[in-house]
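What follows is a set of notes on a single structure, which appears directly below.
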Amino acid sequence: MVEIWTNQILQGVLLGGLYALFAIGLSLSVGVMRFVNIAHGDLIVMISFVLLSLTGGLGLPTLAAVAIVIPISFVGGYLLQRLLLQRVLGKDVLSIILVTFGLSIVIQNALQGVYGADIRKVGGGAIETATIPLSGNINVGVLPLVIFISATLLIWLLDLLLYRSRIGARIRAVSDSVATADLVGLRSARIYAIAMAIVGATMAISAGFMAIWTNFDPTSGPSRLLIAFEAVVLGGLGNLWGTLIGGIIIGVAQAVGAQFDAAWQVLAGHIVFLAIFLTRPQGLFPKY
Amino acid sequence: MTHFLTTSYSVFVGRLLLACGIVFLATGPFLLDASGMQVMTEFMLMLVLALMWNLLAGYADIVTIGQHAFVGVGAYAFFGFLVFGEWNPYLSVLMAGAVAMLLAVPVMVIIFRLRTAYLAVGSWVVAETLMLCAGKLSAFGGGSGISMPVSAVKQFGARIGERYAHIYWLALVLLAVVFISTWLLMRSAVGLGLTAMRDNEDGAGAVGVNLTRSRVLCFLWTAPFLGLAGALITLQKLRVAPPASFSITEWTVYIIFIVLIGGVGSFEGPVIGGIVFFLLREYLAEVGVWHFIVLGPISIVIILIEPRGLWGLLRRFVPGDLIPVSYTPSALKGTKTEKARSLAASTSDVLSQS
């Protein structure tokens, strides 16, 4: 009995690593640009479909496909911010919500038009089924472990980038006050675009792992967005390590819920989020 | 020569068109066949949803992506009271509104802790949670839903044509109540505050508009109407199911497009948007998913160019509102021209001195 629950919680923590990966990009755009990109989940799903084309259509190995997609997403993020989001960032809040919402609808339906509504998955090779036996009946999958470690590493790197590098200092300056940053000669539009490019790269990484580990279809973006949003809010806005904890909480809640009844998995995550949010609306580790 | 649009005739013509529309709606069942009646019923219900979303997003600055939650809750409540409770059919419809309003209180407690885009996504989380919960109700057929029993359906008319006309009248009454009551709300002191909030929220707060109270009022105002619309939608579809009754596409995405295209933050906007949307839909229905791919960029371009939509575009020329929600300040009215002149003169004096 104890073993079942320990196993379930352990799997939940590892699942939380994937959720944290979804949420890192959102956490950055929330913390730096102070807006919620409603198309976040759909952009991740779109990149997964690109990976599907590269691996399935062109026959590239998955790792090579991810390596190609990361720089493309970096540039894509830069252009998205520069050409579209920057135009509405200064306007009222309604505009930025509706532009990203419109983008989300367009991506979902374009994917459906191009790829059809089928549920897809990208093959990852031997790593998918490899496990490490811990004790008794508790096994840890290699892939989930790799994902969890990658999430932790990525957060550590981004934390270093934001708080220990020149560009990080600039990003934080613009984030604190656009007007003041412009006054001391920073080009805020460009710095925002660089931040969004970094978000794009994190999206590509999470898309790569998501495509191997879980099924996806053109309409799975919103559910990814909601989970990412919950992880970000639970962890506290703008706190990257908090986002990891938030992701783990959602992951464990889902795993424990699924242990009661498989149909309760997603609902359990939402309910735990709402319960914690009601008692701590500022998140567990608020930065601001 | 002044352009036609810039004269007050344009306002007159606009109001005439509006009046024609009202007459058309009021005589619908006598003019239309069954399928026409169904489309018009759907149009009226979508217009109710659009008016409500516009009240929240356009005035009270509450942009929700979770409006479908209350539609779905209304649908399930109506079904429960009518089929399981065997209540009077009209009472069941009203109870859908009451349940939606009751539920609005806890939902508000949750999402009002968030602001702006966080509130938008937060309302989506709440709607998703409610939809998943509805899927756990085994009496309502769980995740796959349940059809209305024939005996319950027949209470609204034994023959199909009769029933369609019946639902049409119910939808028309709902639309009329929503339209007139919301118009009166906008004409009241609260509405004046809401208009001020639309134009400048900080300014409105500074001159004494109670922002929180206005938001709470608007949210509680919309919930029962959304629930009532949900009940009538169920009557049209004759079944409840989580993904259909809580359809984000139909009750939120389409509604956002309608309000956005017509013009957010005006009374005319949702009406114009609704008409344009239904005309577009007739032509775009054949192209499947691609109609979203058309609607999406249109709405993004609208936000970039004219955030107040088609009505905002027209309103640059048309000198007045078709549906007047604001008062002309009494100091500027014809009978008090002298007073206005002296007021204006003294104001310019003050300005020139400073």
Positive-pole candidate from A:Ile44, A:Ala169, A:Leu84, dipole of the protein assembly as shown, charges at beta carbon: A:Ala169
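Show me A:239-246, A:178-185, B:103-110, B:259-266 ranked by packing, highest mean number of other Cβ atoms within 10 Å first.
So the order, starting with the most tightly packed, is B:259-266, A:239-246, B:103-110, A:178-185.
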Most fluctuating residue given options B:Trp290, B:Trp311, B:Trp87, as computed from a GNM of chain B linking Cα atoms under 10 Å: B:Trp290
Options B:Leu49, B:Ser245, A:Met196, ranked by Cα towards positive dipole end of the protein assembly as shown, top entry (Cβ charges): A:Met196
For B:126-133, mean number of other protein chain Cβ atoms within 10 Å: 4
Where N is the number of residues in the range B:25-315, Cα Rg divided by 2.2 N^0.38 Å: 0.98
Ranked B:Ile255, B:Ile300, criterion: other C-beta atoms within 10 Å, fewest first: B:Ile300, B:Ile255
Inter-probe distance in nm under a simple model that places probes 7 Å from Cα toward Cβ, at A:Ala263 and B:Leu313: 4.8 nm
Shielding score for B:112-119, defined as the mean number of other chain Cβ atoms within 10 Å: 5
Pairwise FRET efficiency - A:Thr129 versus B:Arg159, Cβ, R0 = 56 Å, nearest 0.05: 0.35
Net charge of Cβ neighbours under 13 Å - reference A:Met203; Lys, Arg +1; Asp, Glu -1: 0
³J(HN,Hα), Karplus 6.51/-1.76/1.60, whole Hz, each residue of the range A:240-254, x for Gly, Pro: 5, 5, x, 4, 4, 4, x, x, 5, 4, 5, x, 5, 4, 5
Selection from B:Phe292, B:Trp124, A:Gly238, by position along the positive dipole direction of the protein assembly as shown (Cβ): A:Gly238
Semi-axis lengths, Å, the protein assembly as shown, gyration tensor of Cα atoms, sqrt of 5 times eigenvalues: 44, 33, 23
Dipole magnitude of the protein assembly as shown, debye to nearest 20 (Cβ charges: Lys/Arg +1, Asp/Glu -1, about Cα centre): 1100 debye
Sorted by Cβ density within 10 Å, fewest first, the residues B:Val150, A:Val88, B:Val178: B:Val150, A:Val88, B:Val178
222 nm mean residue ellipticity, helices alone, for chain A (DSSP H n ≥ 4; -39,500 (n - 2.57); rounded to 500): -24500 deg cm²/dmol
Test item: Cα-centred dipole of the range A:147-288, Lys/Arg +1 and Asp/Glu -1 on Cβ, debye: 560 debye
Between the range B:256-317 and the range A:197-273, the alpha-carbon center distance in angstrom: 33 Å
Helical segments meeting 18 Å axial Cα length and Kyte-Doolittle -1.0 threshold in chain B (DSSP H): B:8-31, B:34-54, B:89-111, B:116-134, B:160-187, B:211-237, B:268-284, B:290-305, B:337-353
Where labels lie 7 Å past Cα in the beta-carbon direction, separation of A:Lys91 and B:Ile22 in nm: 3.3 nm
P(r), alpha carbons of the range A:98-139 - 10 Å bins starting at zero, rounded %: 21, 24, 21, 18, 15, 1
Packing-based exposure ordering (other Cβ within 10 Å, fewest first) of A:Arg166, A:Arg34, B:Arg215: A:Arg166, A:Arg34, B:Arg215
B:Ser188-A:Tyr115 FRET efficiency (beta carbon distance; Förster radius 45 Å; 0.05 resolution): 0.30
The range B:315-322 - phi-based ³J(HN,Hα) in whole Hz, Karplus 6.51/-1.76/1.60, Gly and Pro as x: 5, 5, 9, 5, x, x, 6, 6
Relative counts (whole %) of C-alpha pair distances in the range A:249-288, using bins that are 10 Å wide: 34, 42, 21, 4
√(5λ) per eigenvalue of the Cα gyration tensor, chain A, largest first, Å: 30, 23, 18
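Rule-based calculations on the coordinates, nothing more; no lab input. Please read all numbers here as calculations on a predicted model, not as lab measurements. Using ideal geometry, Cβ is built from the backbone for each residue, glycine included, and neighbour counts are taken over all protein chains shown.
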